[in-house]
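Student: First the structure, then my questions, so here it is.
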2 protein chains.
Amino acid sequence: MLRLDLIKKNADWDAYDAILISGWENMRYVSGFDVIEHQIGETSGYLFLTGNKSFLLTDSRYEAQAKSEAPGFETLIYKQGPDEILSGLIKDLAIKVFAYEPEYLFCSVFNKIQDRIGADVNFVPVSNLVEDIRMIKDKVEIGLITASLELTERVFQDTMHFIREGITEKEVAWFIEKQIREGGADSLAFPSIVASGPNSAMPHAMPGERKIKAHEPVVIDMGSQLNGYCSDMTRTICLKEPTEEFRNVYARVKFAQDAGIRAVIPGIKSSDVDKAARSIIDESPFKGRFGHGLGHGVGLATHEAPSLGPNRSIKLLPGMVITVEPGIYIPGWGGVRLENMVQVTENGCLVLNRDETFYEF
Amino acid sequence: MLRLDLIKKNADWDAYDAILISGWENMRYVSGFDVIEHQIGETSGYLFLTGNKSFLLTDSRYEAQAKSEAPGFETLIYKQGPDEILSGLIKDLAIKVFAYEPEYLFCSVFNKIQDRIGADVNFVPVSNLVEDIRMIKDKVEIGLITASLELTERVFQDTMHFIREGITEKEVAWFIEKQIREGGADSLAFPSIVASGPNSAMPHAMPGERKIKAHEPVVIDMGSQLNGYCSDMTRTICLKEPTEEFRNVYARVKFAQDAGIRAVIPGIKSSDVDKAARSIIDESPFKGRFGHGLGHGVGLATHEAPSLGPNRSIKLLPGMVITVEPGIYIPGWGGVRLENMVQVTENGCLVLNRDETFYEF
C-alpha cells in the first residue's frame with residue numbers, strides 16, 4: 001500500500017477532519033518531498049491531509065522540487081508562511097476539527113493559523129500518526145539503512161588507523177566528519193561522540209581538547225545520514241593494553257549486549273529486551289551504572305520509535321530497526337558502551353553491523 | 001547595564017508577570033549559557049524571568065556548564081522537560097500572566113505547560129523582547145563579528161585559489177566548509193551557496209553537481225560562526241573573461257551596493273536604505289530583477305533584526321551590524337549578488353569587510 005494511503009487508513013477521521021504534517025522526516029516519508037530545514041524557525045513545507053485530499057504547501061523556492069518529488073499531492077505555494085493558504089483550505093473544505101503534530105509545530109505558526117480561523121475550528125494535537133508507521137521499514141528502507149551503516153563502519157575502520165596517543169578528541173571527531181562527508185553522506189547522523197578517559201563516563205560527552213592516552217577507554221559513537229537514512233554505532237577501544245578494570249567493565253557490557261540482541265524476536269515487548277541486557281549488568285558489581293535506555297529505532301531520524309527502556313512496552317515487529325547499546329559508566333574512571341543496529345525479522349533478528357571491533361576478554 | 005537587567009527593564013511587566021525565553025540565541029545572549037540544539041525537538045535549556053527572579057532550566061547533562069556560564073541565574077534541573085518545574089514556579093510565584101516566545105517554542109512544550117497549569121494562568125506570546133536589544137552590538141560583539149568575518153574572508157581567498165573550470169559547485173562548497181571548520185569556527189553560519197551559470201539566478205540555490213565553466217557568473221555566499229557570532233558575505237566571480245552581459249549586470253549591482261552603503265547613517269529608516277540601492281537597479285534595464293530585501297542584521301544569528309526591505313521601517317542606530325546585498329537575477333542566464341557587512345556608527349557607517357574582490361567595469 002502507498003505510504004500516503006496507509007497514513008490515511010490509520011488516521012482517526014472520527015476525531016479530526018484534517019491533519020497538518022510538519023515534521024521534516026514525516027513529510028519526506030509520506031510525500032517524498034525532501035527539503036531539510038537548515039535554520040530553526042524557517043520552514044520549507046507542510047502536508048495537509050483530509051480523508052480524500054492531499055496538499056503540499058511550500059514556498060516558491062521549492063515549487064519545482066515539490067511537484068517533481070511529490071506528484072501525488074496538490075502543491076500550493078505560500079509567500080510568508082502556511083497560515084493564509086491553510087485558513088483558506090480549512091474554510092473551503094469545511095474543516096471542523098484540525099489536527100497538528102505538536103512536536104514539530106512552533107507556537108508562532110499555530111497562533112497565526114488560529115488567529116485566522118477564529119473559534120469555529122477545534123485544534124487537536126496528534127502525535128505519532130506517521131511515526132508509528134515509520135517504525136516498520138520496507139526492503140528499500142532496510143537497504144538504505146544498511147548502506148548508511150556500511151559507510152559509517154568504513155569510516156570507523158579508517159578512524160582506527162588514524163587514532164593515536166596524543167591526538168585530541170576533537171581532532172578524531174573532525175576526522176570522522178570529513179570521512180563521512182567525503183564518503184558521500186548528506187551529513188553526520190548526529191554530532192560524533194569521541195570521549196576518552198573520565199569523559200567516557202558521560203553518555204553524551206562532547207568531543208573536547210583532551211588528548212587521548214593509552215590504557216584508557218575511548219567511546220566512539222558515530223553515524224552518517226546517507227540518502228536521508230541514518231546509521232548509529234558505538235565501539236569502545238583502548239590504545240595499548242587495557243587495564244584490569246577496562247577488561248571487567250568491557251566484558252560485562254559485551255555480555256549484556258549479546259543478551260539484549262539474543263532477546264530480540266518478533267512479539268517481544270521492548271521493555272523485556274531492555275531487561276534482558278540490563279539484568280546482566282545489574283547482577284554484577286556494576287549494578288546501577290547503566291543509566292539510559294537500551295536503544296531506539298533508527299530510520300530517517302537517528303532517534304525514532306520504538307524506544308527500548310525499562311518503562312517502554314512497545315511490541316517489536318518484523319521490519320523494525322533498533323539499536324542495542326548497553327553501557328557501564330563509572331564517574332572519574334570512564335565508561336564503555338557498545339552499540340549495534342538490529343533488524344527484527346520474521347524469526348528473530350539480524351545484526352546489520354559487519355564490523356567486529358570487539359575485544360574478547 | 002547587564003544584559004539581564006536591560007531585558008528586565010524593557011519587559012512590559014504590566015502585560016505579564018513572567019516570561020519564558022526558549023530561543024537559543026536569546027538564551028545565550030541574556031545568560032551566557034551556550035548549548036546549541038543539535039536536534040530539533042530536543043531542548044537543552046530555558047530561561048524563566050520575573051521582575052525580580054531569574055531561573056535557568058536545563059537537564060542534568062548541562063548542570064555544571066549552566067552554573068559556570070550563567071552565575072546570575074538559579075539553575076533548576078529537569079528530567080523529562082521543563083513543564084514540571086515551570087508549573088511549580090508558576091504556582092509558587094503566583095504568576096497570573098505567563099509570556100513565551102512563540103517563534104522558538106514547540107506546541108508540545110506549550111501544551112504540557114498549559115495542561116499542568118489549567119485555566120488559572122493566561123498565556124501571551126511576546127516576540128522580539130530580546131531580539132530588539134540584540135540589534136545593538138557592543139564593542140566585544142563587534143570584535144567577535146569582525147573575527148568571524150576575517151575567517152570567512154581568509155577562506156574566501158583560499159577558495160579563489162582552489163576554484164577552477166570543471167570543478168563542481170558541491171566540491172567548492174565542501175572546500176569552503178572544511179577550511180572554515182579547520183580555521184577554528186564552531187560551524188558554518190549557514191549552508192554555503194555556490195551557484196554557477198543559470199543556477200546563480202536562484203538567490204537560495206543549493207550547491208549541486210554542476211561543473212563550473214568559464215565566462216559565467218558564480219555566486220559564492222558564505223559565512224562562519226566563530227565563538228557564537230556569525231559572518232555573511234557574497235561575491236560573484238567569473239573564471240576567464242566576463243561576457244558583456246556579466247559586465248553590465250555586475251556594474252549595476254556594484255553601483256547599487258555602493259549607493260546602499262552610502263545611505264547607511266544613524267537615524268535613517270531601513271526601508272530608505274533599501275530604496276537607495278533598489279532605485280539604482282529599478283532605473284536600469286534590470287528593473288524588477290532584484291527580488292529580495294537589501295539585507296539583515298547579523299550577530300549570534302546569521303539572520304536577525306533589523307531587516308532591510310521595501311516594507312521595513314526600523315530606524316538604524318549606532319551599533320547595529322547589517323548586510324547590504326543587492327542582486328540582479330535573470331532566469332536562464334544567471335545572477336550577480338554582492339554582500340558586505342556594515343556597522344552603523346555615530347556618524348555614518350563602517351564596512352567591516354576587508355576583502356576587495358570586486359570587478360571594476
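Throughout, read-outs are computed from the coordinates displayed, never taken from laboratory work. Computed from a prediction, not measured in an experiment: that's the story for all the values here. Note that we place each Cβ from the backbone using ideal geometry, even for glycine, and neighbour counts take in every protein chain shown.
Student: With a 10 Å radius around each residue's Cβ, average the other Cβ atoms per peptide and rank A:294-302, A:346-354, B:315-323, highest first.
Tutor: Highest to lowest by the protection proxy: A:294-302, B:315-323, A:346-354.
Student: When each copy gets a label point 7 Å from Cα toward the beta-carbon at residue A:80, what are the spacings between them in nm, shortest first?
Tutor: Result for residue A:80, in nm, nearest copy first: 3.7.
Student: Another question about this same structure. Assuming a ≥ b ≥ c are the square roots of the Cα gyration tensor eigenvalues, decide whether the range B:139-351 counts as rounded (a/c under 1.5), prolate (otherwise, with a/b larger than b/c) or oblate.
Tutor: Since a/c reaches 1.5 but b/c is at least a/b, the shape of the range B:139-351 is classed as oblate.
Student: So in the protein assembly as shown, what percent of DSSP beta bridges are antiparallel if you round to the nearest 5?
Tutor: 75
Student: Order by neighbour count: A:160, A:233, fewest other Cβ atoms within 10 Å first, most last.
Tutor: Result, fewest neighbours first: A:160, A:233.
Student: If you rank B:115, B:34 by fewest surrounding Cβ atoms within 10 Å, what's the result?
Tutor: B:115, B:34
Student: With unit charges on the beta carbon (Lys/Arg positive, Asp/Glu negative), name the residue among B:33, B:44, B:117 whose Cα is farthest towards the positive pole of the charge dipole of the range B:4-134.
Tutor: B:117
Student: Also, quick follow-up: Using DSSP to call loops (not H, G, I, E or B), can you name the GluC sites (Glu not before Pro) in the range A:277-344 whose Cβ has at most 13 other Cβ atoms within 10 angstrom?
Tutor: Sparse-neighbourhood loop GluC sites (Glu not before Pro): A:283.
Student: Please rank B:1, B:222, fewest neighbouring Cβ atoms within 10 Å first, as an exposure proxy.
Tutor: The most exposed by this proxy come first: B:1, B:222.
Student: Give me the inter-chain shielding for B:98-109: mean count of other chain Cβ atoms within 10 Å, whole number please.
Tutor: 5
Student: Okay, next question. With each pseudo-label sitting 7 Å past Cα toward Cβ, what's the residue A:162-residue B:162 distance in nm, one decimal?
Tutor: 1.6
Student: Using a label position 7 Å from Cα in the Cα→Cβ direction, what is the ascending list of nm distances from residue A:360 to the same site in the other copies?
Tutor: For residue A:360, the other copies' label points sit at 7.5 nm, shortest first.
Student: Shortest first, in nm, what separates the label point of residue B:310 from those of the same position in the other copies (7 Å along Cα→Cβ)?
Tutor: 6.3
Student: For the pair residue A:138/residue A:84, report the inter-label distance in nm, with labels modelled 7 Å from Cα in the Cβ direction.
Tutor: 3.7
Student: A further question follows. With θ set to phi - 60° and the Karplus curve 6.51 cos²θ - 1.76 cosθ + 1.60, what are the ³J(HN,Hα) couplings of the range A:148-158 in order, to the nearest whole Hz, using x for Gly and Pro?
Tutor: The phi angles translate into 5, 5, 4, 4, 4, 5, 4, 5, 4, 5, 4 Hz.
Student: Using label points projected 7 Å from each Cα along Cα→Cβ, tell me how many nm separate residue A:13 and residue B:210, to one decimal.
Tutor: 4.3
Student: Kindly provide the helix-only [θ] at 222 nm of chain A, computed as the sum of -39,500 (n - 2.57) over DSSP H runs of four or more divided by all residues, to the nearest 500 deg cm²/dmol?
Tutor: -10500 deg cm²/dmol
Student: Would you mind checking the range A:129-161 for residues with the amide N under 11 Å from a putative spin-label position 7 Å along Cα→C-beta of residue A:355?
Tutor: Of the residues in the range A:129-161, A:149-161 have backbone N under 11 Å from the label point off residue A:355.
Student: While we're looking at this one, here's another question. ³J(HN,Hα) across the range B:101-110 via Karplus (A = 6.51, B = -1.76, C = 1.60, θ = phi - 60°), whole Hz, x for Gly/Pro?
Tutor: 9, x, 5, 10, 10, 6, 4, 4, 5, 4
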